[in-house]
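These notes concern the structure reproduced below.
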Amino acid sequence: MLNKVEIMSPAGSFESLMSAIKAGADSIYFGVEQLNMRSRSANFSLKDLNKIIKICKSNNIKSYLTLNTIIYDHDITLMKKICNKAKKADVSAVIVSDVAVMQYARSINIEVHSSTQLNISNIDAVKFYSKFSDVIVLARELTLKQIKFICDEIKKQNIKGPNGKLLKIEIFCHGALCVAISGKCYMSLATYNASANRGACLQNCRRSYKVIDEETNDELVINNKYIMSPKDLCTIQFLDKIIDSGVSVLKIEGRGKPPDYVYTVTKCYKEAVESINNNSYSKDKINFWLKELETVYNRGFWHGGYYLGKKLGEWSGVYGSKATKKKQGIGKVINYYAKNNVAEIFLESGILSKNNELLITGPTTGISKIKLDKIIINNNEVDFARKDDKICIKVNEKVRRNDKVYLVIDKK
Amino acid sequence: MKIVHYRNKCIGCNACVEIASSFWRISKKDGKADLINSIRKNNDIFVLEINELDLEANLIAERDCPMNIIKIEK
């Protein structure tokens, strides 16, 4: 029997939202204003809410609104305002952790999903939250065996959510892992008063540290300075086992990440799920997807994460991304000619040559990848173009004025 | 001297209100901090002239704001 697994992608901007849709996401999650776990970086405003949900509906995908920070009394008015607006716009569900939000969302009949911020790790906790939630996002730190047990017990005990259907289990399949259990880290708060649980994490765990003996001032030689920065989760190489465990939704981390990450990761996992469903999931394909996943933002992969057991030593070893490719902003689209599928681009920096790989991103375009086989300047074909040139290139699909143009370079 | 508040990026953590409640309060409208009696300079920036006596508490508010959007200009 085919297990219909939903791929849920992060949308921190309209560019990422459209990239997720292009890559085949079944659903997206997003936040508005400050009451979500990315209040510092990627965010939409309340004004964008209707548009986002409308885009999702017209593309036949589900939209989930994250409202999962710690909530203080002074947040209640805003929280209710966001819920009311989301209800009116017909959001698919809200992802919550605070019971105040859970209670209010249910009172106005919005579907509720329990956030990973609740670090739900056992069947009794699942049962408790099933009174409010139709989907439970499990803690990232469980093993596959523990996940399977929970999924089996839901069936066995016939645990249903408020919608009357069997409770669904969601887990993270790809992206950043926290050194602490999600929702229980106070490092950023304790050091900078910037609470991770208000979405303001400064990620000081990601930096390198020295261990110094205060008495002698001697530095302890350690082979890993990044003692608190885990590698990113990657599950594509055993996704069949994950699906077998009975989970219904696979969530991709990264509302703060760029559209090329959203596109590539969504596409790889979507293809993997389809391959599993049609029995063509193979080592060759896995290797191809892994190569693709390495081209976009990653801190190195912890293949398996906690799901395959708590392996030690999976630390990032670097600050920032280990992606094998990088993007360099070079200009913007100034015109698009639909008749012959040509884009006119103004180069603001850098040098372009034939056979370069380009990326065009925009709030409506999402993402478009182009292999440059011809560069035209003033009706003449040229081999190179540089800063201040206006060039015409053939594109694969419609792009739009003011879309950003990036040159994709192999990182040596 | 003056306090400059770049309000748009406020995450409503309440730190400034806890520290200097006669200067800061959380807006009932959008859950972000308001600099009481300040003058709006443009969409996002609010300014309030203060004197030496008001400085101490607001310097702590400046230091503890997780978004670094409170600036004291002397």
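The values are calculated or read from the model by the stated rules, or taken from the named source; none is laboratory data. Not measured: the values here are computed from a predicted model. For neighbour counting, all protein chains shown are included, and Cβ atoms are generated from backbone atoms with ideal geometry for every residue, glycine included.
Quick notes on this structure:
- Scan of region B:30-65 for residues that are among the charged types (D, E, K, R), in contact with a helix residue (DSSP H, G or I) (Cβ under 9 Å, 6 or more places away or on another chain) and surrounded by 15 or more Cβ atoms within 10 Å (Cβ to Cβ), ordered by number: B:D30, B:K32, B:D34, B:E62, B:D64
- Among residues of region B:37-60, those that are in contact (Cβ under 8 Å) with a residue 12 or more places away in the chain, more than 12 Å from every other protein chain (Cβ to nearest Cβ) and within 23 Å of A:A194 (Cα to Cα), counted: 7
- Residue among B:N43, B:N51, B:N14 that alone is in contact with a Phe, Trp or Tyr (Cβ under 8 Å, 6 or more places away or on another chain) and at pLDDT below 95: B:N14
- Qualifying residue in region A:279-299 (condition: within 14 Å of A:C234 (Cα to Cα), among the aromatic types (F, W, Y) and modelled with pLDDT under 95): yes
- Against the numbered list (1) farther than 29 Å from A:F301 by Cβ; (2) modelled with pLDDT under 95, A:K325 comes up short only at (1).
- Any chance A:S349 is buried (at least 21 other Cβ atoms within 10 Å of the Cβ) and of a type in the set (G, A, S): no
- Selected residue (criterion: nearest to A:G31 (Cα to Cα)) from residues of region A:181-213 that are aliphatic (A, V, I, L, M) and touching a Phe, Trp or Tyr at 6+ places or on another chain (Cβ under 8 Å): A:A196
- Every residue from region A:176-196 that is part of a helix (DSSP H, G or I) and either buried (at least 20 other Cβ atoms within 10 Å of the Cβ) or touching a Cys at 6+ places or on another chain (Cβ under 7 Å) (or both): A:M187, A:S188, A:A196
- Just one of the listed residues (A:I159, A:I120, A:I154) is modelled with pLDDT of 95 or more and under 26 Å from the mean Cα position of the chain (by Cα), and it is A:I120.
- A:F172 being of a type in the set (F, W, Y) and under 21 Å from A:P10 (Cα atoms): yes
- A:K411 exposed (fewer than 14 other Cβ atoms within 10 Å of the Cβ) and of a type in the set (K, R): yes
- If the condition is being under 18 Å from the mean Cα position of the chain (by Cα) and β-branched (V, I, T), then region A:217-246 contributes A:T235, A:I236.
- Subset of region A:340-365 [among the acidic types (D, E) and in a loop (DSSP other than H, G, I, E, B)]: A:E348
- Residue in region A:273-280 that is in contact with a Pro (Cβ under 7 Å, 6 or more places away or on another chain) and under 30 Å from A:L358 (Cα atoms) present: no
- Residue in region A:253-261 that is over 20 Å from the mean Cα position of the chain (by Cα) and modelled with pLDDT of 95 or more present: no
- Unmet criterion (only one of (1) touching a residue at least 40 places away in the same chain (Cβ under 8 Å); (2) at the interface with chain A (Cβ under 8 Å from one of its Cβ atoms); (3) acidic (D, E)) for B:E73: (2)
- Breaking point among (1) closer than 13 Å to A:I345 by Cβ; (2) surrounded by 16 or more Cβ atoms within 10 Å (Cβ to Cβ); (3) of a type outside the set (V, I, T); (4) at pLDDT 95 or above, for A:R401: (2)
- For region A:14-47, a residue qualifies if it is of a type in the set (G, A, S), surrounded by fewer than 24 Cβ atoms within 10 Å (Cβ to Cβ) and under 22 Å from A:A196 (Cα atoms), and the qualifying residues are A:S41, A:A42, A:S45.
- Residues of region B:11-29 that are out of contact with any strand residue (DSSP E or B) (no Cβ under 7 Å at 6 or more places or on another chain), part of a loop (DSSP other than H, G, I, E, B), more than 8 Å from chain A (Cβ to nearest Cβ) and surrounded by fewer than 18 Cβ atoms within 10 Å (Cβ to Cβ): B:S21, B:S22.
- Only one entry in B:N8, B:N68 is surrounded by fewer than 13 Cβ atoms within 10 Å (Cβ to Cβ), touching a Phe, Trp or Tyr at 6+ places or on another chain (Cβ under 9 Å), within 14 Å of chain A (Cβ to nearest Cβ) and not in a strand (DSSP E or B), namely B:N68.
- For A:G164, the requirement of being without any contact (Cβ under 8 Å) to a residue 40 or more places away in the chain, away from chain B (no Cβ under 14 Å), not aromatic (F, W, Y) and not in a strand (DSSP E or B) is met.
Residue-wise test of (1) more than 27 Å from A:F132 (Cβ to Cβ); (2) modelled with pLDDT of 95 or more; (3) among the small types (G, A, S).
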| site | (1), (2), (3) |
| --- | --- |
| A:I169 | no, yes, no |
| A:S188 | yes, no, yes |
| A:L202 | yes, no, no |
| A:I243 | no, yes, no |
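- One residue stands out among those in region A:197-241 that are assigned to a helix (DSSP H, G or I) and over 18 Å from A:Q117 (Cβ atoms): the one that is farthest from the other protein chains (Cβ to nearest Cβ), which is A:D240.
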